[in-house]
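**Q** Shown below is the structure under consideration.
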Amino acid sequence: MKAKKLKKTGACIEAIEYVQSCRNYRPVWNKCERGDWMLWIAKKIGIDNKILTHAKYLCANQVRHLMKDKRSIAALDACKDYVEGKITRKQLDADAAAAYAAAAAAAAAAYAAVDVAVDDDDAAAVQKESLEKSVDICREILTEAVFEIWDKRK
């Protein structure tokens, strides 16, 4: 599959090489093992913001127990409230802006979470499980909307 458009959007080399190894977009999506790539491409192709926020919320909520900063937890709760229609996008953006530094740290914590494991083998297993759950979440929440957009572009 050609990756010219992907290159123009600023995708990393690893993602471009992965896309070029597939024949069309469906196998790219269905075989992808990176939830972060799936979220990124969904954002780039213009997926509905509430759908995208729902997937991001579910992925981030996996590490809620690791969040120490109340701003991170508040931002996560705001995502859920936005998806459920309890707050506006403007309110979500305000919460996100207030928690930006904490959210960045929380995202890093998702990968650092493996430090709570007893040894390197356990750490790798914990990280792998979290990444697999994120991929499953992205497939469940985003696939239909992503394919709908891609099908219209053909």
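The values are calculated or read from the model by the stated rules, or taken from the named source; none is laboratory data. Source: prediction; values computed, not measured. Quick reminder, even Gly has a Cβ in these numbers, built from the backbone with ideal geometry, and neighbours come from all protein chains shown.
**Q** For residues that are of a type in the set (S, T, N, Q) and buried (at least 20 other Cβ atoms within 10 Å of the Cβ), tally how many sit in segment 20-52.
**A** Result for segment 20-52: 0.
**Q** Can you name every residue in segment 10-45 that is among the small types (G, A, S), modelled with pLDDT under 80 and either under 21 Å from E129 (Cβ atoms) or touching a helix residue (DSSP H, G or I) at 6+ places or on another chain (Cβ under 6 Å) (or both)?
**A** Passing the criteria: only A15.
**Q** Can you find, within segment 20-45, the residue that is farthest from N61 (Cα to Cα) among those that are under 15 Å from the mean Cα position of the chain (by Cα) and among the small types (G, A, S)?
**A** A42
**Q** Exactly one of (1) part of a helix (DSSP H, G or I); (2) over 24 Å from Q91 (Cα atoms); (3) within 15 Å of the chain's Cα centre (by Cα) is unmet by E17. Its number?
**A** Failed condition: (3).
**Q** Restrict the check to segment 89-101 and report whether at least one residue is of a type in the set (K, R), farther than 18 Å from E33 by Cβ and modelled with pLDDT of 85 or more.
**A** Start the filter on segment 89-101 by keeping residues that are of a type in the set (K, R), which leaves 89-90.
Narrowing the set further to residues that are farther than 18 Å from E33 by Cβ leaves 89-90.
After this cut, where a residue has to be modelled with pLDDT of 85 or more as well, the list is 89-90.
Looking for residues that are of a type in the set (K, R), farther than 18 Å from E33 by Cβ and modelled with pLDDT of 85 or more, one finds at least one in segment 89-101, hence yes.
**Q** Right, next: With the condition kept exactly as written, say whether any residue in segment 61-73 is in a helix (DSSP H, G or I), under 13 Å from the mean Cα position of the chain (by Cα) and modelled with pLDDT of 85 or more. Spell out the reasoning first.
**A** If we filter segment 61-73 for residues that are in a helix (DSSP H, G or I), which is where we start, we get 61, 64-66, 70-73.
Still in the running and under 13 Å from the mean Cα position of the chain (by Cα): 61.
When the remaining residues are screened for being modelled with pLDDT of 85 or more, the result is 61.
Within segment 61-73 (the criterion being in a helix (DSSP H, G or I), under 13 Å from the mean Cα position of the chain (by Cα) and modelled with pLDDT of 85 or more), the answer is yes, since at least one residue qualifies.
**Q** Looking only at segment 110-128, decide whether some residue is part of a helix (DSSP H, G or I), crowded, with 19+ Cβ neighbours inside 10 Å and at pLDDT below 90.
**A** Yes.
Residues are listed down the side, and each one gets a yes or a no for (1) closer than 20 Å to R139 by Cα; (2) of a type in the set (S, T, N, Q):
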{"site": "K8", "(1), (2)": "no, no"}
{"site": "W37", "(1), (2)": "yes, no"}
{"site": "N49", "(1), (2)": "yes, yes"}
{"site": "H54", "(1), (2)": "yes, no"}
{"site": "L58", "(1), (2)": "yes, no"}
{"site": "Q62", "(1), (2)": "yes, yes"}
{"site": "H65", "(1), (2)": "no, no"}
{"site": "D69", "(1), (2)": "no, no"}
{"site": "Y82", "(1), (2)": "no, no"}
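**Q** Please list, ordered by first then second residue, the pairs with beta carbon atoms under 9 Å, 6 or more apart or interchain, first in segment 117-131 and over 19 Å from G35 (Cβ atoms) and of a type outside the set (S, T, Y), second surrounded by 14 or more Cβ atoms within 10 Å (Cβ to Cβ) and modelled with pLDDT under 65.
**A** Listed pairs, sorted by first residue: D120/V114; D122/V114.
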